1. Of the residues that make up segment 29-47, is at least one buried (at least 18 other Cβ atoms within 10 Å of the Cβ), near the ligand (Cβ under 9 Å from one of its atoms), touching a residue at least 12 places away in the same chain (Cβ under 8 Å) and not basic (Lys, Arg)?
2. Restricting to segment 52-80, what's the tally of residues that are in contact with a Ser or Thr (Cβ under 9 Å, 6 or more places away or on another chain) and either assigned to a loop (DSSP other than H, G, I, E, B) or farther than 23 Å from Thr2 by Cα (or both)?
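What follows is calculated from the coordinates using simple rules that are stated; it is not laboratory data. Predicted model, so just to flag it, every value in this text is computed and none were measured. Neighbour counts are summed over all protein chains in view; Cβ atoms, including those assigned to glycine, are modelled from backbone coordinates with ideal geometry.
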Amino acid sequence: MTIEDEIEELKSDYIICQCYEVSFGDIMEAIENGCNSVEEIMHQTHAGYGCERCQSKIDDFNEDRDIYLSDILEYSKSKE
Ligand code: FES
């Protein structure tokens, strides 16, 4: 399954940022409102300001997270 397939199957209440309980729907709304970078999404939703692990994949973090803010942004841009 590709990242795109996984994102398409996400429910809007799926929590992407556990630190601030920001959902997939909140992030999509921020993108629809014009956020065009991970920083802008963070600023609007507060996602990513805690442990920072939801921002984008960093190989140093050995974890089972699949979907990051950067993946959702990339996915949205590919659908424009
Ligand atoms: S999970 Fe998003 S900042 Fe920690």
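1. Yes, segment 29-47 has at least one match.
2. 4
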